[in-house]
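Just so it is clear, none of the values below were taken in a lab; they were calculated from the coordinates. Fair warning: this is a prediction, and the values are worked out from it, not measured in the lab. In this analysis, Cβ positions are derived from the backbone assuming ideal geometry, glycine residues included, and neighbour counts consider all displayed protein chains.
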Amino acid sequence: MSIETKKYNNLISISTELRKRIIKTSYEAKIPHIGSCLSCIELLVFLYWKELNIDPSNSEAINRDRFILSKGHGAPALFQVLGLKGFFPIERLNSFGKPGSVFHEHPPKPGYIPGIEAATGSLGHGFPMAVGMSLAKRINNLQYRTYSILSDGECNEGSIWEAAMFAGAQKLDDLTIFIDFNKWQATGRSKEVLALDPLKEKWQSFGWDVYEIDGHKFNQIDKSIELAKTNKNKPSAIIAHTIKGKGVSFMEDNNNWHYKTPNEEEFKKAFEELKN
Amino acid sequence: MRDAFANEIKRLSEANKNVVLLSGDIGNRMFDKYKSVSPERFFNCGIAEANMMSLASGMALCGLKPVIYTITPFTTTRCLEQIRIGVAYHNAPVVIVGTGSGLSYSELGPTHHSLEDIAILRAVPNINILTPSDKQELTTQLQEAISMNTPSYMRIGKKGEPDLFNESHNLGIGKANILKEGEEILIIGIGPILIEAIEAAKSLKNDGLNIGVASMGSIRPLDDDFLRKMISKKYKYWITLEEHGIVGGLGSTLIEWCSDKQLYDIKIKRLGVKNEFIHKLGNQSYTRNILGIDKKGIINTIKEL
């Protein structure tokens, strides 16, 4: 058993459980964006099970850490995370995708699902809101850190770079973001659609400390967050190299799974793979 | 009006430690006094309005009262999506102030004209739309907007606008006022352009016409009681006056109000800017004149009724 497996065994099991739940929901309720959900599972699991200072039973505590899923189409993953962590009775997720449910394709505004800090889905909004929350911490003299997960495709949006420059200028060192760099956006390779490369140097030149990691390895996520927390005078961007559709062989790096939902056969096959 | 804004926001920031002022890189020395009392709550967000708006939403969700200040097109249509999602959908108590509204920056051309802002923001739920006409009304509305737990958009002028109100007026958000009593014809306006209506009414007195003038004050909330009172006075005509396009502004609002209430006796004539961009540039008075929304234009409109 590798060190990664030993130390993070529990997190690995949770990640598998989440992948199963996401695929099941996608199959039953025809919820898309599976590929985008599967690429950020380890990031979400590490944040919610190891890092974020948020009490699920008191999810509005004033000094809680703030987390915004800026890539709002990853909501099917986030909802399962919040359910498993006990932010709300997990049975509530049985309504996922049903008419009248609050659980659909994107996070709604706060007040409908405990643990959701901001409505996202229109890309390029969540991250600047997280910057606002980080700045509010300083003004209000509170004790929390702010985290956000962005997608690489989302870095197309000008508002991302406006916010990046602002956070750099304000030296928001309590702000840590992940870029779920799965190399795809909705209809093409992210580095081909717009000139995204070199992503690391871009963020560095906007005044950020940047780390590059394998976004599916818990030890690397763990280490990069620890380093980010020691940063002074700069916000931190962790570029997480990930695989879209991670965990299911026929979904991995296949961009059809951005919109596609599994049929019965695909669902069974995916489940079988995840069991093993 | 902008000096009144700078003075009042400074005072409010001293009284309320949650007030945060965000500027879109304008007002060079305008906020020096503010910065001298609340430097830690002033941010020049640069020429990056999308971020400024979302930033404000995030801050408002953490209990602060962000007030955004920049030139009207840039704090409205430039970042409409950020207003719609970050501010309005979240019902985040952000106060968005647009300065130099309407044709205040007439000479600067269509990039700096704001003639669609009310129409567009009226279509977005949750945001109060405030249209103060002088510095006293601005001050009162700003105080109330800061104390509310919902978002507001306030369109203000630039500088040198005449005072229109006195102690007898009941100013505030959602409060309309009579500036001059009259008969048969009532001009209902918003913003500093109301001075043109007052001047026109004075002039028409010599022709034996007693024209009423009213200030609407806010587009949302709309002063329903006031409008009902005006209906009961049985004017033949309401003339709406605004330094804004005639599509979707005050005139449209009042026509919709009458239609929704099935009140069809009143005739409404809209005075505002035709739905086109302005190419012949000049100062604000010149442009009001060529568009027929100055004193002379109002007089002509009334004589042609």
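Please give the FRET efficiency for A:Phe250 paired with B:Ile290, using the beta carbon to beta carbon distance and R0 = 51 Å, rounded to the nearest 0.05.
So, using R0 = 51 Å, E works out to roughly 0.15.
If you build a Gaussian network model of chain A, linking Cα atoms that sit under 10 Å apart, which residue out of A:Thr187, A:Thr120, A:Thr16 swings the most?
Checking each option, the largest mean-square fluctuation is seen for A:Thr187.
For chain A, set up a GNM with springs between Cα atoms under 10 Å and report which of A:Asn182, A:Asn156, A:Asn94 has the largest fluctuation.
For chain A, modelled as a Gaussian network with Cα springs under 10 Å, the answer is A:Asn94.
Rounded to the nearest 500, what is chain A's calculated 222 nm mean residue ellipticity when only DSSP H runs of at least 4 contribute -39500 (n - 2.57) each, over all residues?
-12000 deg cm²/dmol
Using unit Cβ charges (K, R positive; D, E negative) and no other charged atoms, how large, in debye to the nearest 20, is the dipole of the stretch B:69-168 about its Cα centre?
For the stretch B:69-168, the charge dipole is close to 300 debye.
Inverting the mean 1/r over all pairs of different Cα atoms, compute the Kirkwood radius of the stretch A:3-274 and quote it in Å.
Details: mean 1/r = 0.0539 Å⁻¹.
Kirkwood radius, the stretch A:3-274: 18.6 Å.
With only Lys, Arg, Asp and Glu charged, each at its Cβ (+1 for the first two, -1 for the last two), find how big the charge dipole of the stretch B:8-104 is about the Cα centre; round to the nearest 20 debye.
200
Nearest 5 percent is fine: what portion of the DSSP beta bridges confined to the protein assembly as shown is antiparallel?
Around 10 percent of the beta bridges assigned by DSSP in the protein assembly as shown are antiparallel ones.
How much of the DSSP beta bridge set in the stretch B:176-304 is antiparallel, as a percent to the nearest 5? Before the final figure, lay out the partial values.
On the way: 3 of 18 bridges.
Around 15 percent antiparallel, to the nearest 5.
Quick check for you: which residues of the stretch A:200-230 have the amide N under 20 Å from the point 7 Å beyond the Cα of A:Lys6 toward its beta carbon?
Counting only backbone N, you get A:217-223.
Normalise the Cα radius of gyration of the protein assembly as shown by 2.2 N^0.38 Å (N = residues in it) and let me know the number.
On the way: Rg = 27.4 Å, N = 581, 2.2 N^0.38 = 24.7 Å.
This ratio for the protein assembly as shown stands at 1.11.
Could you work out Rg/(2.2 N^0.38 Å) for the stretch B:176-304, with Rg from alpha carbons only?
Compared with the compact-globule rule of thumb, the stretch B:176-304 sits at 1.01.
Mind listing the phi-derived Karplus ³J(HN,Hα) values for the stretch B:69-76, rounded to whole Hz, using 6.51, -1.76 and 1.60 with θ = phi - 60°, and x for any glycine or proline?
So the Karplus estimates, Gly and Pro as x, are 9, 6, 5, 3, x, 7, 9, 10 Hz.
Would you please give the residues with an amide H less than 5 Å from that of A:Lys234, counting only those at least 5 places away or on a separate chain, with H modeled from the backbone geometry?
The answer is A:Asp173.
Compare the Cα positions of A:Asn63, A:Tyr112, A:Ile149 along the charge dipole of the stretch A:3-274 (+1 at Cβ of Lys, Arg; -1 at Cβ of Asp, Glu; about the Cα centre) and return the one farthest towards the positive end.
A:Asn63
Please report, in Å, the Rg and the Dmax of the stretch B:1-155, where both are computed over Cα atoms only.
My reading of the Cα-based Rg and Dmax gives 14.0, 40 Å.
Helix B:2-15: angle to the longest alpha-carbon principal axis of chain B, degrees 0 to 90, nearest 10?
Tilt of helix B:2-15: around 50 degrees.
Would you compute the Debye intensity of the stretch A:95-190 from its alpha-carbon atoms alone, equal scatterers and no solvent, and pass along log10 I(q)/I(0) at q = 0.17, 0.20, 0.22 Å⁻¹ to two decimals?
Once normalised to I(0) and log-transformed, intensities are -0.85, -1.06, -1.17.
Any idea how far the Cα center of the stretch B:204-255 sits from the one of the stretch A:92-168, in Å?
42
Within chain B, what's the longest run with no trypsin sites (Lys or Arg not before Pro) in a DSSP loop and at most 10 other beta-carbon atoms within 10 Å? Give the range, please.
Counting at most 10 other Cβ atoms within 10 Å as exposed, the longest clean stretch of chain B is B:30-233.
What are the radius of gyration and Dmax of chain B, computed over its Cα atoms and given in Å?
18.8, 59
Around A:Ile179, which amide H atoms from residues at least 5 apart in sequence, or from another chain, sit under 5 Å from its own amide H, with H modelled in the peptide plane?
A:Leu150, A:Ile238, A:Ile239, A:Ala240
Roughly what angle does helix A:126-140 make with the longest principal axis of chain A, taking Cα atoms, 0 to 90 degrees, to the nearest 10?
Helix A:126-140 sits roughly 40 degrees off the main axis of chain A.
Please compute the contact order of the stretch B:80-157 in relative form: average sequence separation of alpha-carbon pairs under 8 Å and at least six residues apart, divided by the residue count, as a percent. Could the numbers behind the result be given before it?
On the way: 106 pairs, mean separation 35.3, N = 78.
Relative contact order here is 45 percent.
Label 7 Å along Cα→Cβ of B:Lys180; the stretch B:205-234 residues with amide nitrogen under 14 Å?
B:205-215
List, in order, the whole-Hz ³J(HN,Hα) value for each residue of the stretch B:280-297 obtained from phi through the Karplus relation with A = 6.51, B = -1.76, C = 1.60 and θ = phi - 60°; use x for Gly and Pro.
Once θ is set to phi - 60°, the couplings for the stretch B:280-297 become 8, 9, x, 6, 4, 5, 4, 5, 4, 5, 5, 8, x, 10, 9, 3, 4, x Hz.
Between A:Leu142 and A:Lys275, how many nm apart are label points set 7 Å from Cα along the C-beta direction?
Between A:Leu142 and A:Lys275, the simple spin-label model gives 4.6 nm.
Can you give the average number of partner chain beta-carbon atoms within 10 Å of each beta-carbon in peptide A:135-141, as a whole number?
The mean count of partner-chain Cβ atoms within 10 Å per residue comes to 6.
To the nearest 20 debye, what charge dipole does chain B have about its Cα centre, counting +1 at the Cβ of each Lys and Arg and -1 at the Cβ of each Asp and Glu? If you can, show how the numbers build up before the last one.
Values: 36 positive and 34 negative charges, 11 e Å.
Roughly 60 debye, rounded to the nearest 20.
Taking +1 at the Cβ of each Lys and Arg and -1 at the Cβ of each Asp and Glu, which of A:Ala163, A:Asn233, A:Ser249 sits farthest along the dipole of chain A towards its positive end, judged by Cα position relative to the Cα centre?
A:Asn233
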